[in-house]
Amino acid sequence: MLSDAERLLAARADLSRLLAACYYEPAAEFAEEKVFDAMVASADDIDAELGAAARGLAAAYTADDLQTLLIDYTRLFLAPEGPLAQPYGSVWLGGAQPLMQDSTLAVMALYAEAGFEVDDDFRDLPDHIAAELEFLYALLFREAAARRQGDTGLADSARTLRQRLIAEHLGRSTPRFAAAMRAGAQTAFYRALADLTARHVEREAMLG
């Protein structure tokens, strides 16, 4: 039987994983696979505020058809003339070069320190918001599993890496990225996704 602390870690891990999925190209499978039902359940397990934000995201997904969501996704994240909300941490952490600067190399080093590497099938930069949220998921999942097994060393290591990910990367870049999403989005879904992502990362920083 899971302790309350282990259940909370599992819920935080699931919410991170499901949010990451929302930063890939929207598809009908989102609804068919009950992504949003699972997201609401996980968010509710963390706190009521996140649960309400997750319900807003689920409702927003049905407000527009898939083609409208695809158009907004492209405008925000992929537009060749300049995405409105580039989904890369390095863009929002400053520096002379907008992509593949020191912060990108730093998050890659953090992945390596945890024993992870970016999958060959991932055709984007390693500091993409989806990659960083998936890394957050992996660290939370590892910590929860280690605590169940009584491995305090592994649990503490995962927690330290997670805190560094938030303090050095996600916690610094997400507020500006989410603000750009809210300002540029034409659909309720991407405005709600920006809101839930920002709230989740902020809560992670508070929970430590």
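Can you give me the number of residues within the stretch 115-141 that are loosely packed, with under 15 Cβ neighbours inside 10 Å and under 18 Å from the mean Cα position of the chain (by Cα)?
Final tally of qualifying residues: 4.
Mind checking whether some residue in the stretch 157-174 is in contact (Cβ under 8 Å) with a residue 12 or more places away in the chain and in contact with a strand residue (DSSP E or B) (Cβ under 6 Å, 6 or more places away or on another chain)?
No, the conditions are met nowhere in the stretch 157-174.
Hey, among the residues in the stretch 29-84 that are of a type in the set (Val, Ile, Thr) and surrounded by 13 or more Cβ atoms within 10 Å (Cβ to Cβ), which one's modelled with the lowest pLDDT?
Looking at residues that are of a type in the set (Val, Ile, Thr) and surrounded by 13 or more Cβ atoms within 10 Å (Cβ to Cβ), I get Val35.
Answer with yes or no whether Ser173 is of a type in the set (Gly, Ala, Ser) and touching a Leu at 6+ places or on another chain (Cβ under 7 Å).
Spelling it out, Ser173 is indeed of a type in the set (Gly, Ala, Ser) and touching a Leu at 6+ places or on another chain (Cβ under 7 Å).
What tally of residues in the stretch 10-59 results from selecting those that are over 19 Å from Met181 (Cα atoms), of a type in the set (A, V, I, L, M, F, W, C) and in contact with a Phe, Trp or Tyr (Cβ under 8 Å, 6 or more places away or on another chain)?
5
Let me spell it out: the conditions are (1) farther than 30 Å from Thr152 by Cβ; (2) in a helix (DSSP H, G or I); (3) of a type outside the set (Val, Ile, Thr), and Tyr111 meets all of them except one. Which number is the exception?
Only one criterion in (1) farther than 30 Å from Thr152 by Cβ; (2) in a helix (DSSP H, G or I); (3) of a type outside the set (Val, Ile, Thr) is unmet by Tyr111, namely (1).
Give all pairs with beta carbons closer than 8 Å in which a residue from the stretch 177-206 that is touching a residue at least 12 places away in the same chain (Cβ under 8 Å) and under 22 Å from Asp65 (Cβ atoms) meets a residue that is among the acidic types (Asp, Glu) and part of a helix (DSSP H, G or I); count only pairs at least 6 apart in sequence or on separate chains.
Arg182/Asp195; Ala185/Asp72; Gln186/Asp72; Thr187/Asp72; Phe189/Asp72; Tyr190/Asp72
So which helices (runs of 4 or more DSSP H) stay within the stretch 1-101 end to end and still have 3 or more residues that are among the basic types (Lys, Arg), in contact (Cβ under 8 Å) with a residue 24 or more places away in the chain and in contact with a Pro (Cβ under 9 Å, 6 or more places away or on another chain)?
It comes to none.
Suppose we filter Ala144, Ala183, Ala155, Ala179 for residues that are on the phi < 0 side of the Ramachandran plot, buried (at least 22 other Cβ atoms within 10 Å of the Cβ) and either part of a helix (DSSP H, G or I) or of a type in the set (A, V, I, L, M, F, W, C) (or both); which single one remains?
From the options Ala144, Ala183, Ala155, Ala179, the qualifying one is Ala144.
Residues Arg123, Arg148, Arg182, Arg191: which one is over 16 Å from Tyr23 (Cβ atoms) and among the charged types (D, E, K, R)?
One residue alone meets the criteria, Arg148.
Being assigned to a helix (DSSP H, G or I), free of Cβ contacts under 8 Å to residues at least 40 places away in the same chain and farther than 17 Å from Val91 by Cα is the requirement here; does Phe135 meet it?
yes
The values are calculated or read from the model by the stated rules, or taken from the named source; none is laboratory data. Since the model is a prediction, treat every value here as computed from it, not as a measurement. All Cβ positions, glycine included, derive from the backbone under ideal geometry; neighbour counts span all protein chains shown.
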